[in-house]
Structure formats: C-alpha cells, structure tokens
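*Asks:* Following this message is one structure expressed as structure tokens.
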Amino acid sequence: MTDGTIEEARGTRAVVRFDSARCIHARACVLSQPAVFRANVEGDWIVPDAASPDALLAVAYNCPSGAITVERLDGGEAEAPPPVNLLRIRENGPLALHADIALAGTSVGKRVTLCRCGASATKPFCDGSHGTAGFTATGEPQSGDSAPLETRSGPVQITLFPDGPLKITGPLEIVSGTGRTVNRTTSTVLCRCGASASKPYCDGSHKKIGFSAP
C-alpha cells in the first residue's frame, strides 16, 4: 500500500513502512536483508515475512534517514529512543540525527538526515542532492570546549527559520564522522544553506546568498 511518499508492507509479524521522501539510498536495507528488501523488481519489493521482527528492527536501527520504520505485531519490544542523542556530521553530506525527534511540534521518529547543502528538494531532509551539487564540507570539524551533559537523552525539537538555519533544542552530542566529540549542547543553530564558513553552525551567510526555504 502507498500513502503519498510512504509505502506500507504488512506481514504476519510486522509492518514495514518506507518513506521515499526521507531515503538517502544508504542501502543498509537491501544489503543486510536482501530477501526482505528486493531491489530492482516489479511490483511489491518489501516482504516482511522473509525475516524475523528482530531482524527487521535491526534494519530500521541502521537506516540513518528514518526512511524505514517497523511496527511489530508479535508483541515484542518496539524501537526505544537512544541512550545518547547524537548528531553525526557526514563528510560532504548531511547531518544525521538520532534522538526522539519532533519537527515543528510533530514527531518525525528517531532518525532523520538533515540537508546542509541547501539543494535538497525535500528540505529540511536530505535527498542526496549534495552529490550532484558538488557540495564539500568536512565531516571532521574542529572540536570546541564543552562540558558533559547532565542528561544525554530525551526529546529534541527542530525549529526551522524561514529562509534561514535550523535550531535544535534538547540534549545533544555533535560528533564527527569518526565519532569524535565536536560539541555538547542543549541548544544549537545549524547551517542549512551550505554557505556558512563555520559549518556545521550558521554564520548568517543565508542572508548574503539569498537562501530560500520554508
């Protein structure tokens, strides 16, 4: 079944949902469970009963964009929020957030990849446009001084500034692509126009380049 950008495949023990608007083609699904996620076939391509609910949930855990979610029907435990909220900075690519996430007050799951090149057609989410746009930005920015957070988990809120950056509030550890701590914060404003000289943070460059985004 398809609902807008979301496809739903219902099995006897789990329901798998795929949101094409969120997918960044990390291919964790088709590589880890090819019997479930059958690439390049006609018709239905998600077969939930080809793996256990635990195995399906592991695919969701490894989907950085949150495009794949799993609803268990077997009474097993559902995905829990992470013990540490993380924002991973991907080399020449998006910001991968893992937390209990709300966007403008609406829950969007526990994983999203946020555009930081300014070219995505599905802002604030990444759609892979950084590749064709030739976007370059390090995934290993310099670490700043930050104290350990008293609370490392819990809800985070994404607020979008029209024609400007995005703000994340809530406990958050920003890490480089290799896992090095870049910053620990409860409130940060991040570039989404691609022009900031202090990426991943906003420096006001969106005003200079005439960045437009809702």
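Any read-out appearing in this document is the output of simple, stated calculations on the displayed coordinates, not a laboratory observation. All values derive from a computational prediction rather than experimental measurement. Neighbour counts are summed over all protein chains in view; Cβ atoms, including those assigned to glycine, are modelled from backbone coordinates with ideal geometry.
*Asks:* What residues have an amide H closer than 5 Å to that of residue 163, excluding those fewer than 5 places away on the same chain, when H is modeled at 1.01 Å from N in the peptide plane?
*Replies:* 213
*Asks:* Sticking with this structure for a sec: In deg cm²/dmol, rounded to 500, what helix-only [θ] at 222 nm does the chain give when every DSSP H run of at least 4 residues adds -39500 (n - 2.57) and the total is split over its residues? Don't jump to the answer; show the numbers that get you there.
*Replies:* Working: 4 runs with 24 residues, N = 214.
One gets -2500 deg cm²/dmol as the mean residue ellipticity at 222 nm.
*Asks:* How large is ³J(HN,Hα), in whole Hz, for each residue of the range 189-199 in order, when computed from phi with the Karplus curve 6.51 cos²θ - 1.76 cosθ + 1.60 and θ = phi - 60°, using x for Gly and Pro?
*Replies:* Here the 3J(HN,Hα) series is 10, 10, 5, 10, 9, x, 9, 4, 8, 10, 3 Hz.
*Asks:* State, to one decimal in nm, how far the label point of residue 62 lies from the label point of residue 151, with both points 7 Å from Cα in the Cβ direction.
*Replies:* 3.3 nm
*Asks:* List, in order, the whole-Hz ³J(HN,Hα) value for each residue of the range 39-56 obtained from phi through the Karplus relation with A = 6.51, B = -1.76, C = 1.60 and θ = phi - 60°; use x for Gly and Pro.
*Replies:* Listing the rounded values in order: 6, 6, 10, 8, x, 4, 10, 10, 10, x, 6, 7, 8, 6, x, 5, 5, 5 Hz.
*Asks:* Mind checking the dipole of the range 86-209: about its Cα centre, +1 per Lys or Arg Cβ, -1 per Asp or Glu Cβ, Debye to the nearest 20?
*Replies:* 140 debye
*Asks:* Between beta-carbons, use under 13 Å as the cut-off and find the net charge around residue 202, counting Lys and Arg +1, Asp and Glu -1.
*Replies:* Values: positive: 116, 167, 192, 199, 207, 208; negative: 163, 203.
Summing Lys and Arg as +1 and Asp and Glu as -1 gives +4.
*Asks:* Cα centroid distance between the range 151-187 and the range 18-36, in Å?
*Replies:* Taking the Cα centre of each part, the range 151-187 and the range 18-36 sit 25 Å apart.
*Asks:* Quick one: the Cα spread of the range 1-87 along its three principal axes, in angstroms, biggest first?
*Replies:* 40, 29, 25
*Asks:* Local charge sum around residue 163 (other residues, Cβ-Cβ under 13 Å, Lys/Arg +1, Asp/Glu -1)?
*Replies:* +4
*Asks:* Per 0.36 nm of contour for each residue apart, how much would the distance between residue 160 and residue 132 grow if the chain were fully extended, relative to their Cα-Cα spacing?
*Replies:* 7.7 nm
*Asks:* I've got another one for you. Could you derive backbone 3J(HN,Hα) for the range 208-214 from the dihedral phi with the Karplus parameters 6.51, -1.76 and 1.60 (θ = phi - 60°), listing whole Hz in sequence and x where the residue is Gly or Pro?
*Replies:* 5, 9, x, 4, 10, 6, x
*Asks:* Give me the net charge for the shell around residue 74: Cβ to Cβ below 15 angstrom, other residues only, Lys and Arg +1, Asp and Glu -1.
*Replies:* Values: positive: 10, 13, 72; negative: 49, 54, 71, 77, 79.
Charge balance in the 15 Å sphere: -2.
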